[in-house]
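Data block below; observations after.
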Amino acid sequence: MINRLQTLGRWGLIRFERLGRGSLFLMQVLAGLPALLLRPRLALQQVYATGVLSLVIIIVSGLFVGMVLGLQGYNTLVDFGAEESLGVLVALSLVRELGPVIAALLFAGRAGSALTAEIGLMKATEQLSAMEMMAVDPLARVIAPRLLGGFIAMPLLAAMFSAVGVFGGYFVGVGLLGVDDGSFWSQMQSKVELQEDILNGVIKSVVFGFVVTWIAVFEGYDTVPTSEGISRATTRTVVNSSLAVLGLDFVLTALMFGDF
Amino acid sequence: MPDFPNVANDPLVKIRGLRFARGERVIFDGIDIDIPRGKITAIMGPSGTGKTTLLRLISGQLRPLAGSIVVDGQPVPQLKRAALYQLRKRMGMLFQSGALLTDLDVFDNVAFPLREHTQLPEMLIRDLVLMKLQAVGLRGARHLMASELSGGMARRVALARAIALDPMMIMYDEPFTGQDPISLGIIVQLIHALNEALGLTSIIVSHDVHETAAIADYIYVLSGGKVIGHGTPVDLAHSDSPWVRQFMQGLADGPVPFHYPAADYAEELLNNQPGAAP
């Protein structure tokens, strides 16, 4: 019993120690952000690497998620004769929840893992040490642009996911199942609110983008510089950021929509 | 310090009573080293003696437990980050792997420190980079990516990058390891020529006795956390110390035994009973 408590305590201490180190790391990186204003190209390159290169998986996934929503939503709504509300159902599901959450999970798998592996390999091949020896701070030159790039790219990807998803739902609902075209769009237009729905969705995707990118760059920078260490760090990035996204989603949803 | 070599009156790097440990393992146990200006000084010793660690201590990437490290009059462990970075602009380091930035081509790798630390116009940077690449014989390879270079070429590009800001000293971390004879000859000649032409101070960390002795002005031999010998290559070749002789002549047995410490050989073989531990 005592042994189990000890193990649990040690596990907890290690987690808190990593959280502390991650927070200190974040503060150091944030201190390097103002310098990026003079060199926006560094951040834009990372928006391309993390955002544009993730577009294919985001668009394809968004399309299919929207199509499935259209199909499932129609089957339920038609029982109540409310199939004209399909547009609202698809749009609200995507904008409030599925857009930010699924885009963040895909972002963690596609861009987050790539960030961790890239930074981990830079550490293993002494590129970060070489920068330090050239009096160039790797936190400002390598990590800060990647953090900012991911932070900017993620809300854009979530918006893209939701937009494509709506068209997926439209294609199935209106194109294949015969829902009225005008009702689909007009109900969506009247029921989806800018502040309550869209803005809250954007806030979620901004938070998710920040957390996923933070975890990814920290795991890369903190990795044990061996092939096994990089493999573990990449796995931790995907697992931890996915858990963080799902946990934060509940917290944010409760704060935004819960009546507490 | 009675044993202190005192090889220079005004050394560029002055190390006194340096102690450093990794966990329980003591790497340096009170060593004194002087690196004279304008010379090539070699730090030699078997693998695992902390030669690379010494370079990281000199460059301030690691902090010692005790002792002082003074580079050009500045106490490195006490320097604040900004002052340390200012000092590093005047130090070059050649990593064993080259450590080139893999997302940049050869030209941009050499231009990297110039672009980071100067406001020079791109035309001038181009000329400077071409001059540095010409010095290492790779001006024609400027459009190649780091992944397209051989190990020897990568080290030469890294050398061009290390001299980009015209430093006062260069530290070479195992520059001869894993090189074919031609690349080896080129690197040996380059280190010597650059030191002469640019008036640099060079520190070579190596365990390749012949190549290092051929170009070093002074050699320190480290082992077991101590300086076990120092002197010119000729002095060390005729050293009375069995330890230094074993290292310089590459003898398999000597003060550093061939066998890892173990129980008596005959006893272990005779005690081989069924069920005994292997």
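The values are calculated or read from the model by the stated rules, or taken from the named source; none is laboratory data. Small disclaimer: the values here were computed from a predicted structure and weren't measured. Cβ: placed from backbone, ideal geometry, glycine included. Neighbour counts: every protein chain shown. We work out accessible area using only protein heavy atoms, side chains counted, and drop any ligands, DNA or RNA first. Shrake-Rupley method; radii C 1.70, N 1.55, O 1.52, S 1.80 Å.
Summary of values
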quantity: Failed condition for residue B:144, given (1) on the phi > 0 side of the Ramachandran plot; (2) surrounded by fewer than 18 Cβ atoms within 10 Å (Cβ to Cβ); calculated: (1)
quantity: Filtered residue count, region B:32-48, keeping only those that are more than 22 Å from residue B:187 (Cβ to Cβ) and surrounded by 23 or more Cβ atoms within 10 Å (Cβ to Cβ); calculated: 1
quantity: Selected residue (only one of A:90, A:101, A:179 is more than 14 Å from chain B (Cβ to nearest Cβ), in a loop (DSSP other than H, G, I, E, B) and either surrounded by 24 or more Cβ atoms within 10 Å (Cβ to Cβ) or touching a residue at least 24 places away in the same chain (Cβ under 8 Å) (or both)); calculated: A:179
quantity: Breaking point among (1) more than 23 Å from residue B:219 (Cα to Cα); (2) open to solvent by 20 Å² or more (accessible area, probe 1.4 Å); (3) touching a strand residue (DSSP E or B) at 6+ places or on another chain (Cβ under 7 Å), for residue B:87; calculated: (2)
quantity: Residue B:145, sole failed condition from (1) touching a strand residue (DSSP E or B) at 6+ places or on another chain (Cβ under 7 Å); (2) without any contact (Cβ under 8 Å) to a residue 40 or more places away in the chain; calculated: (2)
quantity: All positions within region A:1-48 that are part of a helix (DSSP H, G or I), among the hydrophobic types (A, V, I, L, M, F, W, C) and more than 18 Å from residue A:140 (Cβ to Cβ); calculated: A:2, A:5, A:8, A:11, A:13, A:14, A:16, A:19
quantity: Criterion: assigned to a helix (DSSP H, G or I), open to solvent by less than 30 Å² (accessible area, probe 1.4 Å) and in contact with a Leu (Cβ under 9 Å, 6 or more places away or on another chain) - qualifying residue of A:168, A:229; calculated: A:168
quantity: Any hit, region B:25-38, residues being of a type in the set (Val, Ile, Thr) and not in a strand (DSSP E or B); calculated: no
quantity: For residue A:188: the one exception among (1) under 14 Å from residue A:90 (Cβ atoms); (2) within 14 Å of another protein chain (Cβ to nearest Cβ); calculated: (2)
quantity: Residues satisfying the stated conditions in region B:42-90, i.e. in a helix (DSSP H, G or I), more than 17 Å from residue B:11 (Cα to Cα), free of Cβ contacts under 8 Å to residues at least 60 places away in the same chain and under 17 Å from the mean Cα position of the chain (by Cα); calculated: B:53, B:56, B:88
quantity: Residue match in region A:158-165 (condition: away from chain B (no Cβ under 14 Å), over 30 Å from residue A:230 (Cβ atoms), open to solvent by less than 10 Å² (accessible area, probe 1.4 Å) and at pLDDT 90 or above); calculated: yes
quantity: Subset tally (residues that are open to solvent by less than 30 Å² (accessible area, probe 1.4 Å), over 12 Å from the mean Cα position of the chain (by Cα) and farther than 17 Å from residue A:231 by Cβ) for region A:104-128; calculated: 2
quantity: Any strands (runs of 3 or more DSSP E) falling wholly within region B:145-236 and containing at least 1 residues that are more than 16 Å from residue B:94 (Cβ to Cβ); calculated: B:218-223, B:226-231
quantity: Scan of region B:91-111 for residues that are in contact (Cβ under 8 Å) with a residue 12 or more places away in the chain, open to solvent by 10 Å² or more (accessible area, probe 1.4 Å) and either in contact with a Lys or Arg (Cβ under 8 Å, 6 or more places away or on another chain) or more than 9 Å from chain A (Cβ to nearest Cβ) (or both), ordered by number; calculated: B:100, B:104, B:105, B:107
